[in-house]
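This report refers to the structure that appears directly beneath it.
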Amino acid sequence: AASATSAVSQSMTSKGFAVTFGDEEVKLDLAACAAQAAVFSALWRSRSEGQEAKPELSLEDFPGGPELLRNVIRYMEANAAEERATAIAAGDLGVPAGILKVDPLAFRLAYDSSNICDYLVAGAILGCPKLMRDAVLAPAAKELSSRRVLSLLEALLKQTIGTEDLMANSEEIEPTSELQDARDSEQDTSQSEDDEQAIKEEVQQAFCQVIQRLCARLDAVDFKLTSTLAAGAPWASLEVLRAHRVKLDNYGRMNYALQSVTSTFSSFFYEEEKDKSQHKQEWKEHHFGLHVYRKHIIESALTSKDPNLRQAAEKAMEEQQESASWSDDEHEIPLQSKATLDKDQEFDVPEAICDGVRDGTLAGLSGFVQYCDPLQTPPVLAAGMVRSLLLVGQAVNARLLFEAVFVRSRKAQAMVVSGSIPVDFLSAVKTHRVTSIVLRRLLARYEELKKSELRHLLDHVLLEDFRQEQHCQDLVLGNPLVQDITVYCRVGTRSVASRQLPEALSAESDPTVADVIQGTSGDADLLRLRKVGERLFAAVFVLHNGFLPLREEPERRGDHWQVAECPWDSGDLDLPLLQHAPDTQDALHLSRRVLLRGLFRRQRAGVENDVPTTVRFWALGKWPACKDAVLISEAFNFLSIAWRNLRSEKARSVWEPRGEKSSRWLSDEETLFKMFSDLEFWRLPLAELLTPWVPPQLLVCHVAARCRQLDEQQVALLEGNRGNLEEINRLRQTVSQLHSKLELVDSRSVQSMQKQSEVFDTLRTLR
C-alpha cells in the first residue's frame, strides 16, 4: 500500500491538477481520472492536444464539499490503477510500461443513507459512469424511501444538462496559433472524436440506467409527471416518460390503490415538512412530452450561435406573448373558449423558431412524438413532430401524424411546399380541399424544382392521385398555372426531342438501334418530363379551351395576325402535340380550331407552308368525321388559298424548264385533291362554293353525289307518301264504319226513350 501511494503521489506531481473550493484546493491525477470521468477526460484531451485549458476547475456547488470530492478522486484513481493492472495481466497492447500493480482493496467508498445521494449527484456532475452505477446498485440506495428517491431523481435530471454544459465548455477552447500548426494528422483527429463520442455514449448510458432504476423504485402515487421531471436533457426526460408508462402498465388499479393507502400512511412518519401551499402540477404523458418538446425547441433557437436566428426567435416569442395578452375581441369570446385558445397558444411555438431549429435537435426529440395526442398537439409543433419522425426514418408514423394534423396545421402545409415534408404524403389527405391549394402552391415553384422532382409531382401526384378529385379540377387543373407548366415541359425539352428525332427515324428502319438510343441519349429525365408534359396536355386540353384565347382578337383575316395571343401563336406549343389530345367530340372540335389557326398563320407567314408539311398536320384534324359547318367553311377556305398558291406558282414557271417540279406539282395537286375530298363541303352555302380556286372535277363529283342523294331522298319521300295515302284510306274506311254504328246506337236510344215514356204514362194512369 505504501508503494502504491508513493506511485500515485509521484504521478500527481508530474501531472498535477487542482479543483478549488473557495480557498481550499483538491489535487488529483488528471491522467488517471481522465479514464473515469467525462469532465476530466475533456480537460486531459485539451492538454494533450496542446490547447490552453484553464489551470483550475471550479466546483463550488459540489455536494459534500471537498471531503467527498477527495473520496471520489481516490475512488477513480483506484479504479484506474485496477484497470491498468488487469490490462497488464491480460497482456493487452498499448498499456504504459512501469505502472505498478495496485491492490484493488486499497480504497473503497462507504455508502450509507446519508451520503448515497451525494455520491450519485457527484458522479452525475463529473460524468463518471462507474460511480453512478455502483452507487445506484448499492444496498443503501435500495433502502431509500420513495419520496427521497423522487428528490434524488429530480436532482440527477438537472445534472444531465449541467454535465453537457461542462463538456461543451471544455470542447469550445480555442487552440493557440503556435500549437495549431503542430496538430496531429486528420486520422488522429478523427480517432479523438471517436473516443469523445464513445465517452459521451457511456455517460449517457449510465444516466439512463440510473434513471430507470430510480423510477422503478418509485411508488406509483409518487411517480407523477411534473415540470421538475422535465428539467433534464431530452433523452433523460424520454427515459422518465418510458419508465412512467412501464409503471402504469405493471401496476393495475388494485395495486395503485394499495400503494396510495401505504404511501398515505407512511407520510405521517415522514420527517420532512412540505409546504402545503406548493402544489405540483401533474401532467398526462401527452402534456409532459409536449412540454419537453416545446421547451427544447425554444431553447435551441434562443441559444443558437447564429445571431440572426437568435434575434428572430426572441422577437417571435415577444410577439407571441403580446398576442396572448392582448386581443381586440376578448369581450366577444366566451370564458371557456378564451381559456382554450390561450392554452393552445401557450403550448405552441412561433413559426420562426420552428424554421430555425436544427435537424439534430428535431431528431433528438423524435421519441416524444409517440406520447403526444395528435388531436391535442398545437399545429406548429405538430408540423415539427412530423419532421422529427422523418429525420429518424419513421416514415410510416410520420405519415399517420401528418394525416391527423394536416387540415388544421398551416405549418405542415407550408413544409410540404418548402420540401421539408415529402409531397407523397398529400395522397393520404387528398379528399380535403386544402390539399389542392397546397399542391397548387407547390406547382408554382416548378422552375425551382429539379426535373425529376417536377416529373414525379406531375405524373404520380397530380395525374394519378389527384386527377379524379373535383376540387383538384377546380383549383389546380383549371388554373392558368397548369398552362404555364405545360408550356415549360414542352419548351424545356425541345432540344432533346430534336436530337432524338433522327435517332427515332433510324430505329424505325433498324430495330437494333432502339437500344443504342436509350443508352447514349444521356437525357432520360428530360425525355420523361416531356412524356409527362404530353399527359398533362391531354388531361387539361379541354379544361383550358385548347389553350386558345377566350376571345380571338384580332381576327385571322385581319392585318394583325402576327400578334401572339396564345402559346400556339408564339410557337411554345407545336401542332404535333395535338396527336395527344383526347379522342372526344369536344377535344376534336378544339383540335380542329387550333389546327386551322396554326395553318392559317403558317400560310400567311410562308413558313412550313409546303404541301407535304400541311398534309402531315392536316391528318391531326380527322376531317372526315367533322360535321361543323363553320369549321368546314374555314378549312375549305384554307384549301382554296393553298390551291390558288399552287396554281400561281405553276403559272409563273411556265417558261422555266420542267422536270422535278412537274412531278412535284402533280403530287401536290393529288394531295390537295385528297384533302378537299375529306371535307363534307356540301354542307356549305352555295355562295361559298362559287370560287375558281377549287378543283372543278371535285365539285362536279360532289354535286353529282349530292344529286344522287337527293334523288334517293325523293324516291324515299314518294314511297313514304304512297304509304301515307294508303294509311289515310284505311283510316277513312274505319271512320265510316264507326259512323254507321253510331247512328244505329242513336236510333236505338230514341226507341228506348219512347218506351220509357210509355211506361211512365201507364203507371200514372194506374194511380
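The values are calculated or read from the model by the stated rules, or taken from the named source; none is laboratory data. None of these values were measured; they are calculated from a predicted model. Using ideal geometry, Cβ is built from the backbone for each residue, glycine included, and neighbour counts are taken over all protein chains shown. Note: areas computed on protein heavy atoms with side chains; ligands, DNA, RNA excluded. Shrake-Rupley method; radii C 1.70, N 1.55, O 1.52, S 1.80 Å.
Of the numbered criteria (1) farther than 17 Å from GLY546 by Cα; (2) among the small types (Gly, Ala, Ser); (3) out of contact with any Phe, Trp or Tyr (no Cβ under 8 Å at 6 or more places or on another chain), the one GLY621 fails is (1). Taken together, the residues in segment 445-465 that are under 15 Å from the mean Cα position of the chain (by Cα) and in a loop (DSSP other than H, G, I, E, B) amount to 2. Taking LEU68 as the residue in question, decide whether it is modelled with pLDDT under 80 and under 21 Å from ILE116 (Cβ atoms). In short, no. The set of residues from segment 115-155 being more than 22 Å from GLU67 (Cβ to Cβ), assigned to a helix (DSSP H, G or I) and more than 49 Å from the chain's Cα centre (by Cα) comprises PRO139, LYS142. List pairs: first residue in segment 476-490 and outside any helix (DSSP H, G or I), second residue open to solvent by 10 Å² or more (accessible area, probe 1.4 Å) anywhere in the structure, Cβ distance under 9 angstrom, at least six positions apart or on different chains. Cβ pairs passing all conditions: GLY478/LEU543; GLY478/HIS544; ASN479/ARG440.
Here the helices (runs of 4 or more DSSP H) wholly within segment 289-389 that include at least 3 residues being at pLDDT below 85 and either of a type in the set (Asp, Glu) or surrounded by fewer than 18 Cβ atoms within 10 Å (Cβ to Cβ) (or both) are 307-325, 335-347.
Here is a yes/no grid of residues against (1) in contact (Cβ under 8 Å) with a residue 60 or more places away in the chain; (2) in contact with a Leu (Cβ under 8 Å, 6 or more places away or on another chain); (3) of a type outside the set (Gly, Ala, Ser):
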site	(1), (2), (3)
ASP359	no, yes, yes
ALA363	no, yes, no
GLY367	yes, yes, no
ALA383	no, no, no
LEU390	no, no, yes
ARG399	no, no, yes
GLU403	no, no, yes
SER409	no, no, no
HIS432	no, no, yes
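Sort out which residues of segment 112-134 are closer than 11 Å to VAL210 by Cβ and touching a residue at least 40 places away in the same chain (Cβ under 8 Å), and write them in order of number. Listed by number, the residues that qualify are LEU120, VAL121, GLY123, ALA124, PRO129, LEU131, MET132, ARG133. Listed by first and then second residue, the pairs linking a residue in segment 651-680 that is part of a loop (DSSP other than H, G, I, E, B) and open to solvent by 30 Å² or more (accessible area, probe 1.4 Å) to a residue that is modelled with pLDDT of 85 or more and of a type in the set (Phe, Trp, Tyr), with Cβ atoms under 6 Å apart and 6 or more places separating them unless they lie on different chains, are ASP678/TRP623. Scan segment 658-710 for residues that are among the acidic types (Asp, Glu) and over 25 Å from PRO612 (Cα atoms) and the total you get is 1.
Counting only residues that are under 54 Å from the mean Cα position of the chain (by Cα) and at pLDDT 80 or above, segment 84-114 holds 0 of them. Under the condition of being more than 12 Å from the chain's Cα centre (by Cα) and open to solvent by 20 Å² or more (accessible area, probe 1.4 Å), the residues counted in segment 390-416 number 11.
Of all the numbered requirements in (1) over 44 Å from the mean Cα position of the chain (by Cα); (2) within 19 Å of VAL72 (Cα to Cα); (3) open to solvent by less than 80 Å² (accessible area, probe 1.4 Å); (4) modelled with pLDDT under 85, LEU166 misses one, and that requirement is (1).
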